[in-house]
Protein chains: 2
Amino acid sequence: MSVASSDRSLGDASEERCFLSTSEASALERELLDEYRFGRQQLVELYGHASAVAVTKAFPLSSLSRKQRTVLVVCGPEQNGAVGLACARHLRVFDYQPSVFCPARPADALHRDLTTQCEKMDIPFLSFLPAEVRLVDAAYGLVVDAVLGPGVRPAEAGGPCARALATLRRLSIPLVSLDVPSGWDAEAGGDSEDAVQPDVLVSLAAPKSCAGRFSGRHHFVAGRFVPEDVRRKFGLRLPKYSGTDCVAAL
Amino acid sequence: MSVASSDRSLGDASEERCFLSTSEASALERELLDEYRFGRQQLVELYGHASAVAVTKAFPLSSLSRKQRTVLVVCGPEQNGAVGLACARHLRVFDYQPSVFCPARPADALHRDLTTQCEKMDIPFLSFLPAEVRLVDAAYGLVVDAVLGPGVRPAEAGGPCARALATLRRLSIPLVSLDVPSGWDAEAGGDSEDAVQPDVLVSLAAPKSCAGRFSGRHHFVAGRFVPEDVRRKFGLRLPKYSGTDCVAAL
C-alpha cells in the first residue's frame, strides 16, 4: 500500500472534514454499492453488527441490571430499519434482551429475511407501541431509534412512523439513534418538533452534517470497513479505529 | 428467553458434542439459510470477518514485522473461497497486507463482487502461484487456506486447486485453514497425501469432525451468530464467547 500512503497528499488534511452533506452521503453509498459492489445485505449486516457493538460500549452489560438489558428497537420501513433488525439480532447474541417494534412493515425481501432471523431467535415483536410513555419507560432499559434515515422526513414516512416518533420523543429512558436521529434534517439538525433527542448517536459509514449539532453523551462512527480510497475521495477525516474494533468514539 | 433457559434439558450436556459430521454440518447450514433466512452474502461476510479476527488473535499485528504482515490468501471456487475473499478485505482493514490467489475463478455474482471489493481496495491478485515454495516462503509472512470446504476432495476440485495445494503443503510459513484444512476428509481427517497441515484452524459456525484430529497451535470457532436454538437442535457444545468477540479459542 505504499502508493496509497504516498498519495495521501491528495486529501490534504486542511481540506478534510468530519461530516457529509446529504448528497455526499448518498454519493458515498452509491460508490460502495455500484463501484465496490458491496451488497445491500452485506452493508446492513456490517452496520447492524457495529451498531450493536456501539450499544455495548455505551451501555456495558456489566453495568446494567437484568431489567435494564431490555432494549426496544424501533425499525422503520427503509434501510435504517433493516439495520435496526440486524442490530437487534446481534444485541440478542450479546445477551441483551431486545424487542422490536416496526411501525410500518415493508414487503421487501431484505426486511422480511431479517425479521425472520429475529423472530426465530425468540426476539418479541410488538404489535403496537403503547401511546402512554410511562409504560414504555417502565418496560425497557433503553430504546434504539432505527425509524428514519437521512433524507426521510417524518411527514413523508407516514402516520405510523410519525406516531412512533411522537412516543419516542417523550421517553425518559436512554435513546440510541442509528445514522441520523429520526426527524432530524440530515444537514440542519433537529430543531423541528418531530425530532427525537438521542443520548447516543451511531453514525453509519461516516457522520452526516447534522451530527455536528448532536449534544448527547456518546457519538460513535461505524464505518471501519469503508475503504481508505473512499475516505480520501470524500475528503473525510475519520477517527482511528483500534485493534479489530468496528466502531470508534468521536 | 425464560422458555429457552428452562428448555435447556432438551440438549442435555451428557449428549452434547463438540463436532459436526459432514451431513450435520450441511444440515446446520441449510437450517441457517432456509429456516432462518440468512443470505449467502450475509453468512460469508460474518465468516470472513470472524476469520480475519482469528488471524489477528493468532498473529497480532504488534508481534509482526512489516514483512510478516504480508498474508497470501488462497481462495477456491466454492463458498470457502468466498469467505477467504471477505477475510482478505477485513485483514486489509486491520492493517495486514493481504494478497489473493484464486486457482480457479468462478463466475458467480458473490465471488465476482467480493473480488471487486478486494481489487478496489488495492489488494493484489496473483496470476499464478510460484511452484517454487521458497519464493512463497520468502514473499509472505503467512498463508490463509480458503481453497476447499468440507466435502470437497482435491480430485473433484480440479487441477489448478490441486496444484495450489501441492505448493501449500510444502510451505514453511504458518498456515491458517478456514473451516476444514484443504484436502482433509471432513470426518476422517487429514491423513491423505493431498492434505495440508495448518498451524491454525478456524472452524466456521461449528467444528467439523476432522477438527478432533487437528494438532496445530490454535483452534478458533467463528460462530458467535449461530442462534442458541440451532446450537441446541444439533446438540452442540460450543465455547463461551466473551464480550462482543466473534471468535472463541478452543
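Return yes when A:Ser26 is without any contact (Cβ under 8 Å) to a residue 60 or more places away in the chain, farther than 20 Å from A:Phe125 by Cα and more than 10 Å from chain B (Cβ to nearest Cβ) and no when it is not.
The answer is no for A:Ser26.
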Tell me, please, whether a residue that is surrounded by fewer than 17 Cβ atoms within 10 Å (Cβ to Cβ), closer than 25 Å to A:Ser192 by Cβ, touching a residue at least 40 places away in the same chain (Cβ under 8 Å) and over 15 Å from the mean Cα position of the chain (by Cα) can be found in the range A:163-180. yes
Filter the range A:53-78 down to the residues that are closer than 25 Å to A:Pro160 by Cα and either buried (at least 22 other Cβ atoms within 10 Å of the Cβ) or at the interface with another protein chain (Cβ under 10 Å from one of its Cβ atoms) (or both) and list them by number. A:Val71, A:Leu72, A:Val73, A:Val74, A:Cys75, A:Gly76, A:Pro77
Which ones in the range B:147-162 are open to solvent by less than 30 Å² (accessible area, probe 1.4 Å) and part of a loop (DSSP other than H, G, I, E, B)? B:Val147, B:Leu148, B:Gly149, B:Gly158
Restricting to the range A:83-121, give me the number of residues that are small (Gly, Ala, Ser), under 28 Å from A:Ser63 (Cβ atoms) and away from every other protein chain (no Cβ under 14 Å). 1
Can you tell me which residues in the range A:191-250 are over 24 Å from A:Ala27 (Cβ atoms), more than 12 Å from chain B (Cβ to nearest Cβ), open to solvent by 40 Å² or more (accessible area, probe 1.4 Å) and small (Gly, Ala, Ser)? A:Ser192, A:Ser215, A:Ala249
Given the structure, is A:Val144 touching a Cys at 6+ places or on another chain (Cβ under 9 Å) and in a strand (DSSP E or B)? yes
Pairs please, first residue from the range A:189-213 and closer than 19 Å to A:Ala50 by Cβ, second anywhere and of a type in the set (D, E, K, R), Cβ atoms under 6 Å, 6+ apart in sequence or on different chains. A:Asp199/A:Arg217; A:Leu204/A:Asp179
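May I ask you to list the residues in the range A:177-224 that are in a loop (DSSP other than H, G, I, E, B), among the basic types (Lys, Arg) and out of contact with any Cys (no Cβ under 9 Å at 6 or more places or on another chain)?
A:Arg217
Hey, could you check the range B:29-42 for residues that are assigned to a helix (DSSP H, G or I) and without any contact (Cβ under 8 Å) to a residue 24 or more places away in the chain and say which is most open to solvent (accessible area, probe 1.4 Å)?
Only one residue fits best here, namely B:Arg30.
On the basis of being within 14 Å of another protein chain (Cβ to nearest Cβ) and surrounded by fewer than 16 Cβ atoms within 10 Å (Cβ to Cβ), does A:Pro124 make the cut?
Numbers: within 14 Å of another protein chain (Cβ to nearest Cβ): yes; surrounded by fewer than 16 Cβ atoms within 10 Å (Cβ to Cβ): yes.
Taking the combined requirement at face value, the residue satisfies it.
The values are calculated or read from the model by the stated rules, or taken from the named source; none is laboratory data. Small disclaimer: the values here were computed from a predicted structure and weren't measured. Cβ: placed from backbone, ideal geometry, glycine included. Neighbour counts: every protein chain shown. Quick note on the areas: whole protein, heavy atoms, side chains included, nothing else; ligands and nucleic acids left out. Shrake-Rupley method; radii C 1.70, N 1.55, O 1.52, S 1.80 Å.
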